[in-house]
Each structure stands twice: as C-alpha cells, then as structure tokens.
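What follows is a set of notes on a single structure, which appears directly below.
The values are calculated or read from the model by the stated rules, or taken from the named source; none is laboratory data. Since the structure is predicted, the reported quantities are computational estimates derived from the model, not experimental observations. Every residue, glycine as well, gets a Cβ built from its backbone with ideal geometry; the counts of neighbours run over all protein chains shown. The accessibility values were calculated without ligands, DNA or RNA, using every heavy atom of the protein model including side chains. Shrake-Rupley method; radii C 1.70, N 1.55, O 1.52, S 1.80 Å.
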Amino acid sequence: MNINKDLYNLPKLPYGYKDLEPYMSEEVLTLHHTKHHAAYVNAANALLEKIWDAREKDVELDYKSILKSLSFNVAGHILHETFWKIMAPASALRASAGKPVGELAEKINKDFGSFERFKIEFSETAKSVEGSGWAILAFHKEHGDNGALSIIQVEKHNVNFYPEQKILLCLDVWEHAYYLDYKNDRAKFIENWWNIVNWEEVNKRFQS
C-alpha cells in the first residue's frame, strides 16, 4: 500500500504565541499548541499507521479500542484547528470586535432572539461541561428551510457531538486551556475569551 502515513499535521498559528495576551498568556498558548494539540496529531497518525500496517500484514486488531482512540484524537485535532482560526489578537480586531457580523449576525438574532441571549446560552454551555470538553456553535443546513444554528456541549473531544453539524465557533474548556492563567475560574476564562473571538472568520465559516 502506498499510503501517506502523516495524514494529519500540526498547523501553524495565524498569530504569535504572545499575541492573545492578556486574555490568553504566551505560556498557556505555547503549551496548548505545541504539547496538547501536537499530541493529538501524533497519536492520530500513529493509530492510522497501526491500522494500515495491520492491513498490509493481514492481521486483526482490537477495532473497538483503536477506533475509539482514533475518534478521540482526530476530533481533538479538528477542534483545535478550528479553535486557533476563530481567535485573533484583540488589537487586530475591527470595531465590530465583540459581536458577530454580516449574515451570521442576522442568523443569530433570528435563531436566538438576540446576540446577548446567544452569548448567555453559549457561556453557560461552556461553564457547565462536566470535566473536560467544548462548547460549540454549529450550523445544520438540513434543519428547517434555511438551516439552523445550534449550541452543542461536547465532552472530551467527541462525546455528544452529532452528525451533519458544521462547526462555526468552538471554545476549549479543558483545564489545560486556562488553568495556568485562571486557576479553577473557568467562568472568568470564558468571559475574557469573548474579547479575542474573530467574528469575521466565524462569519466566513457560516457563509461557506
């Protein structure tokens, strides 16, 4: 089999490690990207190599275990890849910083009643994740005549996420995302994170 065994790669950040301060420190962002995200990429590639090697040698694997682990690590990679893209240095954000723009703003107002209501729901979803996980704003194009926005609470990287959801915005609330900066005050981390959301990028994801 002629297979590229490095299917997943650690992406470069679209900003420097210090650029999200004071809301996310250089130390946290560096560790998060180069250690935690990199670990998911490396594990996913190693698991795929194990699967491909088993096919070449025509041997059996514990597929229940290996595919569960593969799902966890691939989902971790995909969510982090999105997470980096939908943030930007506060100094680089335009006057619209802090609120959605364009068609997304209209859709949020339609589906949630107001941006303020959406922000409350999303923040409470993130705060209430049990253990480690994510809060996600997703779009399901097949739901209703014009599709629908939904807020999803994901445990770990892949538990409770359901199919056919386009991820527009995601917030990592694993402790490694904030503990060095905020200790156990997840709520404060979430409150400050809104200052570095790149709504123009989120709107592009919605339009696509």
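The table below lists the values:
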quantity: Accessible area (Å², 1.4 Å probe, nearest 10) - residue 40; calculated: 20
quantity: Distance in nm between pseudo-label sites at residue 27 and residue 160 (7 Å out along the Cβ direction from Cα); calculated: 3.0
quantity: Global form of segment 78-178, assessed from the alpha-carbon gyration tensor, a/c cut-off 1.5; calculated: oblate
quantity: Farthest positive-ward along segment 1-131 dipole, Cα basis, beta-carbon charges - from 66, 25, 40; calculated: 25
quantity: Computed label-point distance, nm, for sites residue 68 and residue 99 using a 7 Å Cα→Cβ extension; calculated: 4.7
quantity: Inter-probe distance in nm under a simple model that places probes 7 Å from Cα toward Cβ, at residue 61 and residue 92; calculated: 3.7
quantity: Pairs of Lys in segment 5-117 closer than 30 Å at Cα, counting only those 8 or more apart or on different chains; calculated: 27
quantity: Dipole moment magnitude, nearest 20 debye, segment 126-208 about Cα centre, only Lys, Arg, Asp, Glu C-beta charged; calculated: 40
quantity: Given charges at beta-carbon only (K, R positive; D, E negative), |dipole| of segment 22-110 in Debye; calculated: 420
quantity: Stretchable slack from residue 50 to residue 18, in nm (0.36 nm times residue separation minus alpha-carbon distance); calculated: 7.8 nm
quantity: Cα gyration tensor shape of segment 105-147, rounded if a/c is under 1.5, else prolate or oblate by comparing a/b with b/c; calculated: oblate
quantity: Separation of alpha-carbon centers, segment 144-175 and segment 89-131, rounded to whole Å; calculated: 14
